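The values are calculated or read from the model by the stated rules, or taken from the named source; none is laboratory data. In this text, all values refer to a predicted model and were calculated from it rather than measured experimentally. Neighbour counts run over all protein chains shown; Cβ positions are idealised from the backbone, glycine included.
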2 protein chains.
Amino acid sequence: MTDGFVEAPAPRRRTRIQREKRDLILEAALEVFSANGFRGSTIDQIAEAAGMSKPNLLYYFRRKEDIHETLMQRLLDTWLAPLRELDDVGDPLTELSAYIRRKLEMARDFPRESRLFANEILQGAPRIMPLIEGELKTLVDEKAAVVKGWMRAGKIVRTDPYHLIFSIWATTQHYADFDVQVRAVLGPDRGGDGRFEDAARFLERLFLDGLKPS
Amino acid sequence: MTDGFVEAPAPRRRTRIQREKRDLILEAALEVFSANGFRGSTIDQIAEAAGMSKPNLLYYFRRKEDIHETLMQRLLDTWLAPLRELDDVGDPLTELSAYIRRKLEMARDFPRESRLFANEILQGAPRIMPLIEGELKTLVDEKAAVVKGWMRAGKIVRTDPYHLIFSIWATTQHYADFDVQVRAVLGPDRGGDGRFEDAARFLERLFLDGLKPS
DNA sequence: CGAAATTTTGACCAGATGGACAAACGTTAG
DNA sequence: CTAACGTTTGTCCATCTGGTCAAAATTTCG
């Protein structure tokens with residue numbers, strides 16, 4: 001009774017309906033939040049997208065913020081998964097290429113997640129700063145150390161591992177976050193489904209060899 | 001009387017006060033919009049930031065959307081300036097390096113502009129799609145052709161000029177749009193003012209030579 | 001089955017927000 | 001100086017929005 005549960009109805013245990021409906025709401029909220037941002041989204045919109053009434057939705061999540069918080073918490077794991085897979089053993093250049101490919105696949109397959117995250121960071125990460133400074137930073141530090149090891153071993157060029165990770169994030173997430181711009185600029189011909197493969201080819205080349213002709 | 005002016009009080013000509021106050025409002029709106037997004041910002045916030053009352057502000061801009069529209073229109077020129085300077089003559093690799101440096105300087109010196117733009121694109125560019133498909137696309141097409149010329153001449157590696165431009169946008173704007181994340185991950189030591197120089201060094205290296213050790 | 005617990009709904013509320021308006025106040029040019 | 005024009009303010013309004021609540025409907029389980 002006194003322990004700090006933040007979620008809506010669960011004094012003891014989640015029922016089947018609660019699990020189902022909460023998932024439904026989170027899916028709807030992902031759709032709405034990622035398209036309109038937190039403040040740009042209304043509970044009514046989410047409720048409608050989830051096929052239920054507003055008071056009904058509020059039975060499962062007391063407050064709008066709770067939905068967002070739960071969503072972000074679940075999201076972060078998915079979001080960091082590709083980086084988690086970056087493996088110390090195995091050929092460095094292959095590993096990095098694979099990481100870039102995985103991140104690009106995520107931008108293609110989970111653009112809503114990417115935009116939700118981008119939205120949050122853009123606003124100064126008011127609701128997830130602890131996660132950034134905690135879980136995310138820890139993982140980046142760990143993988144930056146791995147990359148540093150590769151550099152010391154002469155397997156890849158000596159540069160800044162942090163900025164390397166940033167540049168991979170930036171270039172890949174760009175295809176989710178700035179999708180409308182990418183499609184508009186490429187035009188109807190080249191902006192179709194093939195754009196991710198083109199991007200993959202380009203990025204692989206860029207990160208391995210740069211632009212200077214050999 | 002019948003020509004299509006959208007702006008507030010100007011049946012004929014702007015007065016001195018109108019020019020000054022409108023500039024004041026646009027500056028305040030840049031601050032507020034870039035931090036909270038369009039829907040997340042209120043006229044009251046902008047009015048307060050501009051040091052005037054809400055009705056007074058509404059005397060200069062009839063509607064919230066008008067402020068945003070004017071802001072975006074003025075912004076786009078500044079924003080595309082670095083790309084405009086990309087010059088056909090001159091050494092390609094030097095030109096590209098200079099472009100990257102200029103874009104990074106813009107991310108450093110005009111982060112609010114970058115975030116405002118990112119916010120708008122993230123939401124699907126509902127208010128500036130015409131500018132994207134028009135002015136922006138035209139310029140990119142033009143400069144992509146220049147880059148293509150360099151490739152044909154063997155001055156730089158043969159890849160996709162559009163994705164090259166995207167990757168420069170993405171990596172540089174990242175330092176404005178995702179600033180809080182960058183600073184949080186780098187930590188208090190390395191997240192200080194030096195981060196832009198580190199980024200500049202890293203990006204120059206990446207775009208020229210890639211990661212593969214020679 | 002039938003009581004208890006869970007879920008759903010309609011009605012309602014308070015505060016925020018975009019915007020209208022007329023009256024008061026300032027400025028400027030003839 | 002003063003009339004015309006430009007600027008500022010206080011007040012007001014309709015709508016939107018997050019959230020409450022009690023009653024009704026449904027599900028669960030002994």
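Taking (1) in contact with a Gly (Cβ under 6 Å, 6 or more places away or on another chain); (2) at pLDDT below 95 in turn, residue B:37 satisfies each apart from (2). Scanning the range B:189-214 for residues that are at the interface with chain A (Cβ under 7 Å from one of its Cβ atoms) and either under 18 Å from the mean Cα position of the chain (by Cα) or surrounded by fewer than 22 Cβ atoms within 10 Å (Cβ to Cβ) (or both) gives B:198, B:202, B:205, B:208, B:209, B:212, B:213.
Restricting attention to the range B:139-155, and to residues there that are small (Gly, Ala, Ser) and more than 7 Å from every other protein chain (Cβ to nearest Cβ), which single residue is farthest from residue A:211 (Cα to Cα)? Lay out the reasoning, then the answer.
Let us first name the residues in the range B:139-155 that are small (Gly, Ala, Ser), namely B:144-145, B:149, B:153-154.
Those left that are additionally more than 7 Å from every other protein chain (Cβ to nearest Cβ): B:144-145, B:149, B:153.
Details: B:144: 15, B:145: 16, B:149: 14, B:153: 13 Å.
Among them, the one singled out is B:145.
Just the residues that are at the interface with chain B (Cβ under 10 Å from one of its Cβ atoms) and not hydrophobic (A, V, I, L, M, F, W, C), please, taken from the range A:94-129. Residues satisfying the conditions are A:97, A:114, A:115, A:119, A:120, A:123, A:124, A:126. Residues of the range A:156-168 that are over 13 Å from residue B:210 (Cβ atoms) and within 7 Å of chain B (Cβ to nearest Cβ): A:160, A:162, A:163, A:166. Residues in the range B:41-57 that are surrounded by fewer than 17 Cβ atoms within 10 Å (Cβ to Cβ) and either in contact with a helix residue (DSSP H, G or I) (Cβ under 8 Å, 6 or more places away or on another chain) or within 24 Å of residue A:124 (Cα to Cα) (or both): B:42, B:44, B:48, B:51, B:53, B:54, B:56. Would you say residue B:186 is touching a residue at least 60 places away in the same chain (Cβ under 8 Å), in contact with a helix residue (DSSP H, G or I) (Cβ under 8 Å, 6 or more places away or on another chain), facing another protein chain (nearest Cβ under 7 Å) and of a type in the set (A, V, I, L, M)? So residue B:186 fails the test. State whether the residues of the range B:21-41 include one that is more than 30 Å from residue B:137 (Cα to Cα), in a helix (DSSP H, G or I) and either within 16 Å of DNA strand D (Cβ to nearest atom) or not assigned by TED's automatic domain parsing to the domain that holds residue B:164 (or both). Yes.
Report whether or not residue B:18 is surrounded by fewer than 18 Cβ atoms within 10 Å (Cβ to Cβ), away from DNA strand D (no atom under 16 Å from the Cβ) and at pLDDT below 95. Against the criterion (surrounded by fewer than 18 Cβ atoms within 10 Å (Cβ to Cβ), away from DNA strand D (no atom under 16 Å from the Cβ) and at pLDDT below 95), residue B:18 does not qualify. Here is the figure for the range A:47-60: residues that are part of a helix (DSSP H, G or I) and under 17 Å from residue A:19 (Cα atoms) total 6. When residue B:75 is tested against (1) touching a helix residue (DSSP H, G or I) at 6+ places or on another chain (Cβ under 6 Å); (2) at pLDDT below 95; (3) surrounded by fewer than 18 Cβ atoms within 10 Å (Cβ to Cβ), just one condition goes unmet, and that condition is (3). Are any of the residues in the range B:69-87 within 13 Å of DNA strand C (Cβ to nearest atom), under 19 Å from residue B:36 (Cα atoms), outside any helix (DSSP H, G or I) and not small (Gly, Ala, Ser)? No: the range B:69-87 contains no residue that is within 13 Å of DNA strand C (Cβ to nearest atom), under 19 Å from residue B:36 (Cα atoms), outside any helix (DSSP H, G or I) and not small (Gly, Ala, Ser). Figure legend. Inter-residue proximity from the range B:50-70: first residues of a type in the set (D, E, K, R), second residues within 10 Å of DNA strand C (Cβ to nearest atom), beta-carbon distance below 6 Å, spacing 6+ or different chains. Indicated pairs: B:54/B:43; B:54/B:44; B:54/B:47; B:62/B:8; B:64/B:43. For beta carbons closer than 9 Å, sequence separation of 6+ or different chains, a first residue in the range B:34-45 that is facing chain A (nearest Cβ under 8 Å) and a second that is aromatic (Phe, Trp, Tyr) and within 12 Å of DNA strand D (Cβ to nearest atom), the qualifying pairs are B:37/A:38; B:40/A:38. When A:86, A:80 are checked against the criterion of being surrounded by 18 or more Cβ atoms within 10 Å (Cβ to Cβ) and out of contact with any strand residue (DSSP E or B) (no Cβ under 9 Å at 6 or more places or on another chain), a single residue qualifies: A:86.
Of all residues in the range B:23-33, those being farther than 24 Å from residue A:36 by Cβ and either within 14 Å of chain A (Cβ to nearest Cβ) or surrounded by fewer than 17 Cβ atoms within 10 Å (Cβ to Cβ) (or both) number 3.
Based on this model, can you work out whether residue B:112 counts as under 13 Å from the mean Cα position of the chain (by Cα) and surrounded by fewer than 19 Cβ atoms within 10 Å (Cβ to Cβ)? So that I can check it myself, show each step before the final result.
On the way: under 13 Å from the mean Cα position of the chain (by Cα): yes; surrounded by fewer than 19 Cβ atoms within 10 Å (Cβ to Cβ): yes.
Against the criterion (under 13 Å from the mean Cα position of the chain (by Cα) and surrounded by fewer than 19 Cβ atoms within 10 Å (Cβ to Cβ)), residue B:112 qualifies.
Comparison of B:61, B:33 shows that the only residue that is farther than 30 Å from residue B:161 by Cβ, of a type in the set (A, V, I, L, M, F, W, C) and near DNA strand C (Cβ under 10 Å from one of its atoms) is B:61.
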